[in-house]
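*Asks:* Quick one: this structure, given as structure tokens, is what I'll be asking you about.
Every number here is computed from the coordinates shown, using simple stated rules; none is lab data. The shown structure was predicted, so the numbers you read here are calculated from the model rather than taken from an experiment. Cβ placement follows ideal geometry from the backbone for every residue including glycine, while neighbour counts extend to all protein chains displayed.
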There are 2 protein chains.
Amino acid sequence: MTPELKQVKEETISTEQVIKKAVEVICGKWRMVIIHLLRDKTLRYGDIKRSVPGISEKVLVHELKQLVELGMVDKESFNEVPPRVEYRLNDKGRTILPVIDLLREVGQAFM
Amino acid sequence: MTPELKQVKEETISTEQVIKKAVEVICGKWRMVIIHLLRDKTLRYGDIKRSVPGISEKVLVHELKQLVELGMVDKESFNEVPPRVEYRLNDKGRTILPVIDLLREVGQAFM
């Protein structure tokens, strides 16, 4: 292996881990769609469900749980009857918004 | 459904398709890593293989084929002994580079 290729390799390995983490965070059929939906407003579970018609109850619950666990979305439960649960994109989740905007541009080129 | 929510829904559906396409294009464990590797240079198959140590032969061949089929990477075969095959990121593939740069920033926040 030439020194140049070795350098390429080392640089790729460290960057590789960061890129892989980012891919893990943003990838998934619905994740970006849900984050985009929460971009401007706090939404109740039912609002999200109705706004993403193709998603199953099970997958949506799982996705929202993961977004909360990743620290991107805050969930607030209100002690009301019927119970009210709201989801809000927080500052960490907002770091993803420029990625979504770019993906929208990029996606157009591949449609 | 309120008119406001209906509008949210309609806007989400059309954007949803573009975002989903983009996710399809950029997602996958190795895709961004390979594109990043090809960012500055034309590489031979063996160079790529050595620079992405964790990838299997089968997966790498499949990934490169998909990148060529998506129109992001150009493959050139030279009639030499031993055969030489080179891969180069083309203009369409380059549209992904700003996404990778953003992902590197975003990924840091999640490490």
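*Asks:* Within the group B:80, B:105, which residue is over 19 Å from residue A:98 (Cβ atoms) and of a type in the set (D, E, K, R)?
*Replies:* Only one candidate qualifies: B:80.
*Asks:* Check the range A:85-96 and report whether any residue there is under 15 Å from residue B:106 (Cα atoms) and touching a residue at least 40 places away in the same chain (Cβ under 8 Å).
*Replies:* yes
*Asks:* Another question, then. Just for the range A:86-96: of the residues that are surrounded by 14 or more Cβ atoms within 10 Å (Cβ to Cβ) and more than 7 Å from chain B (Cβ to nearest Cβ), which one is farthest from the chain's Cα centre (by Cα)?
*Replies:* Taking the range A:86-96 as the starting set, the residues that turn out to be surrounded by 14 or more Cβ atoms within 10 Å (Cβ to Cβ) are A:86-87, A:89-90, A:92-93, A:95-96.
With the extra rule that they be more than 7 Å from chain B (Cβ to nearest Cβ), the set shrinks to A:86-87, A:89-90, A:93.
Working: A:86: 17, A:87: 13, A:89: 10, A:90: 12, A:93: 7 Å.
Among those residues, the one meeting the criterion is A:86.
Per-residue answers, yes or no, for (1) at positive phi; (2) more than 10 Å from the chain's Cα centre (by Cα):
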| position | (1), (2) |
| --- | --- |
| B:35 | no, no |
| B:40 | no, yes |
| B:55 | no, yes |
| B:58 | no, yes |
| B:71 | yes, yes |
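*Asks:* Test residue A:68 against the stated conditions and say whether it is surrounded by fewer than 14 Cβ atoms within 10 Å (Cβ to Cβ), among the β-branched types (Val, Ile, Thr) and out of contact with any helix residue (DSSP H, G or I) (no Cβ under 8 Å at 6 or more places or on another chain).
*Replies:* It is false that residue A:68 is surrounded by fewer than 14 Cβ atoms within 10 Å (Cβ to Cβ), among the β-branched types (Val, Ile, Thr) and out of contact with any helix residue (DSSP H, G or I) (no Cβ under 8 Å at 6 or more places or on another chain).
*Asks:* Can you name the residue in the range B:13-47 that is among the hydroxyl-bearing types (Ser, Thr, Tyr) and part of a helix (DSSP H, G or I) and is also farthest from residue A:52 (Cα to Cα) among such residues?
*Replies:* So the residue we want is B:45.
So that you can scan it fast, the table gives a plain yes or no per residue for (1) under 28 Å from residue B:93 (Cβ atoms); (2) part of a helix (DSSP H, G or I); (3) among the basic types (Lys, Arg):
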residue: A:49; (1), (2), (3): no, yes, yes
residue: A:60; (1), (2), (3): no, yes, no
residue: A:66; (1), (2), (3): no, yes, no
residue: A:71; (1), (2), (3): no, no, no
residue: A:82; (1), (2), (3): no, no, no
residue: A:92; (1), (2), (3): no, yes, yes
residue: A:99; (1), (2), (3): yes, yes, no
residue: A:102; (1), (2), (3): yes, yes, no
residue: A:107; (1), (2), (3): yes, yes, no
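*Asks:* While we're looking at this one, here's another question. Exactly one of these conditions fails for residue B:51: (1) touching a Lys or Arg at 6+ places or on another chain (Cβ under 9 Å); (2) more than 24 Å from residue A:25 (Cβ to Cβ). Give me its number.
*Replies:* (2)
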